[in-house]
Every structure is written in structure tokens, then in C-alpha cells.
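Notes for the one structure printed next.
The values are calculated or read from the model by the stated rules, or taken from the named source; none is laboratory data. Nothing here was measured: the structure is a model prediction, and the numbers come from that model. No Cβ is skipped: glycine too gets one built from the backbone with ideal geometry, and neighbour counts run over all protein chains shown. Only protein heavy atoms, including side chains, enter the accessible area calculation; ligands, DNA and RNA are left aside. Shrake-Rupley method; radii C 1.70, N 1.55, O 1.52, S 1.80 Å.
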Amino acid sequence: GLYGVLLTVFFIVFVILLVGIFVGVFFFASKYSEEYECAISEVRKNKEAINLLGEPMEPGLTAYGSRTQRRNRNQSWVQFQTSLTGSKGSGTLYVDYYRGSDGSNFKMRLEKDGKEIILNNGLYPCR
């Protein structure tokens, strides 16, 4: 009867909300991190990236990746990717960042049409 229909509708709405929350957290969490802001700032200043994609360079709506921390060893890894679009086309920015008591490495690479440019592979460029 009506009760069964309402229960089914409620269940479907609940599942859709859960999926929406998961997707929102997964795809947008990386976009509002310090590492994301640093990478976008750096790629916009990079002459090789500008030559490849053109200006203005805008990131895509989503960034997705992962963050892992080991508190007992004071280590963290951040990996994410996002699309970038400029006046000369679109590419994908990949970022891998490791930070620990033994040092750190911030690697940014940009890919467009099978061509890859390493934009940074060393110290974290933002402070």
C-alpha cells in the first residue's frame, strides 16, 4: 500500500544522498587543501605550462586523490589530479607530495596530448 511506496521512496532518496555525500567528499576534498592551492598557484606561473596550455589557466571543477598520514612516524603523502584548461587546450595536472621527518618532495607534472612536463620535483614551493 501507501506505506510500502513511501518506504521505498525514502530508501531511494537516502541512498542517493549517501552516494552524493561520498562523491562530494571524494572529489572536492582535495580541491580545498593547502597542497592544491599551492599547485594551482605554481602551475599558473610556470612558463612551460603557459606555453603548453595558454592563459588564463583554469582548473576543472573537481580534483580527486588521496591523503595518507602516519602519525607515529610523522609522515604524510598527498596525491591528486585535476584538469586544467587554457587558451591552447586542456591537460591534466598530477601532484605527489611526501613529507616526513626524513625530508619532503613535491612533484608536479602536466600532461597534454601524450606530452608530459615535470613542473617541480623537489622542495615544496609554497610557504
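Summary of computed values
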read-out: Simple Cβ-charge dipole of the chain, Lys/Arg +1 and Asp/Glu -1, about Cα centre, in debye nearest 20; value: 300 debye
read-out: Per residue value of the accessible surface for the chain (all protein chains in place, 1.4 Å probe), Å²; value: 65 Å²
read-out: Whole-Hz ³J(HN,Hα) from phi, Karplus 6.51 cos²θ - 1.76 cosθ + 1.60, for the range 88-99, glycine and proline x; value: 9, x, 10, x, 10, 9, 10, 10, 10, 10, 10, 9
read-out: Cα gyration tensor category, rounded, prolate or oblate, for the chain with a/c compared to 1.5; value: oblate
read-out: Under Karplus coefficients 6.51, -1.76 and 1.60, residue-wise ³J(HN,Hα) of the range 110-127 in Hz, glycine/proline x; value: 10, 10, 8, 6, x, 8, 10, 10, 8, 8, 7, 8, x, 5, 5, x, 10, 9
read-out: Nearest-10 value in Å² for the accessible area of S83, using the 1.4 Å probe; value: 50 Å²
read-out: Among 85-92, 2-9, the order from most to least packed when residues are scored by Cβ within 10 Å on average; value: 85-92, 2-9
